[in-house]
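Down below is the structure, laid out as structure tokens.
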Amino acid sequence: MPKILIPTPLRQFADKKDSVDVAGATVGEALAALTTAHPDLKKNLFTDEGKLRSFVNVYVNDEDIRFLEKDKTAVAGGDTISIVPSIAGGVR
Amino acid sequence: MITVETQPWSVMVDHAQATYPNECCGAMLGSIDGDVKTVRLALPLDNAYEGAQRERYELRPEDLLFAEREARKNGMDLIGIFHSHPDCDAYFSKTDLENSCPWYSFIVLSIQQGKFHHANSWLPNMEQTEAAKEELTHPNA
């Protein structure tokens, strides 16, 4: 089973776990399994329309899924999925 | 409430002053106990913005992935992001808000004429439409 690492602020929505093993052959299936098991995570990761929030990036091991096959990126046992925010800003 | 210990605070201020007049950025690692966050380690990260860094910063997601891994390795948590506002106050700008993430504390350091002036911490909401001021304590407060 692939493993999803849970960022610290989201662990309160995942029974305080820092990682969750999930079933799924793709990133999309794995994230769906995660939010089914821990429904409170859903609003943190997805919009009401079911799209990943704009500030959410997903990595499989060291690769950003935007440069792979997005939510159809294949995952297997031994793979680690990381949830990493996009952050920027500035004075103006 | 967020407290920054002396050592990470020095790292944050040094990074902000060294990158002046450009904006700096970095990650804050530490612990959370109830409503109290304590920053124990600050990681200066590259400003990856491809443009005028005097008024913008951008963190590479892979650098945040590194910070998250460093936190886990050290038994800490990634609890916040810091950046500087050169010759501007430590407000949370529209650009800051629209490119933020509601999961973390955002400390803004105001650097005036190359020297630290003041700092504030902000907590953006999920919709990235507003940010609440968070009580901040640090060695220069």
Failed criterion for B:ALA48 (all others in (1) crowded, with 22+ Cβ neighbours inside 10 Å; (2) at the interface with chain A (Cβ under 9 Å from one of its Cβ atoms); (3) small (Gly, Ala, Ser) hold): (1)
Hits in segment B:7-45 - residues which are loosely packed, with under 15 Cβ neighbours inside 10 Å and either on the phi > 0 side of the Ramachandran plot or not hydroxyl-bearing (Ser, Thr, Tyr) (or both): B:GLN7, B:ASP14, B:ALA18, B:PRO21, B:ASP33, B:GLY34, B:ASP35, B:VAL36
Qualifying residue in segment B:76-85 (condition: farther than 14 Å from B:THR3 by Cα and surrounded by fewer than 17 Cβ atoms within 10 Å (Cβ to Cβ)): no
Segment B:55-75, residues that are farther than 16 Å from A:PHE55 by Cα and surrounded by fewer than 18 Cβ atoms within 10 Å (Cβ to Cβ): B:PHE66, B:ARG69, B:GLU70, B:ARG72, B:LYS73, B:ASN74, B:GLY75
Selection count where residues are free of Cβ contacts under 8 Å to residues at least 40 places away in the same chain and either part of a strand (DSSP E or B) or closer than 16 Å to B:ILE79 by Cβ (or both), scope segment B:113-124: 7
The listed residue being surrounded by fewer than 17 Cβ atoms within 10 Å (Cβ to Cβ), of a type outside the set (Phe, Trp, Tyr) and touching a Gly at 6+ places or on another chain (Cβ under 7 Å), out of A:LYS51, A:LYS72: A:LYS72
Any hit, segment B:125-135, residues being under 21 Å from B:GLN17 (Cβ atoms), in contact with a Phe, Trp or Tyr (Cβ under 9 Å, 6 or more places away or on another chain) and either assigned to a strand (DSSP E or B) or more than 9 Å from every other protein chain (Cβ to nearest Cβ) (or both): no
Hits in segment B:81-109 - residues which are among the aromatic types (Phe, Trp, Tyr) and at pLDDT below 95: B:TRP103
Residue in segment B:91-103 that is crowded, with 18+ Cβ neighbours inside 10 Å and more than 23 Å from B:TYR20 (Cα to Cα) present: yes
Hits in segment A:1-54 - residues which are within 14 Å of chain B (Cβ to nearest Cβ) and among the β-branched types (Val, Ile, Thr): A:ILE4, A:ILE6, A:THR8, A:THR47
Residue tally, condition basic (Lys, Arg) and either touching a helix residue (DSSP H, G or I) at 6+ places or on another chain (Cβ under 7 Å) or over 19 Å from A:PHE13 (Cβ atoms) (or both), over segment A:30-50: 1
Strands (runs of 3 or more DSSP E) (entirely within segment B:1-66) containing at least 2 residues that are touching a Phe, Trp or Tyr at 6+ places or on another chain (Cβ under 6 Å) and modelled with pLDDT of 95 or more: B:25-33, B:57-59
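The values are calculated or read from the model by the stated rules, or taken from the named source; none is laboratory data. Given the structure is predicted, the values throughout are model-derived calculations rather than measurements. Positions of Cβ are backbone-derived with ideal geometry, glycine not excepted, and every protein chain shown enters the neighbour counts.
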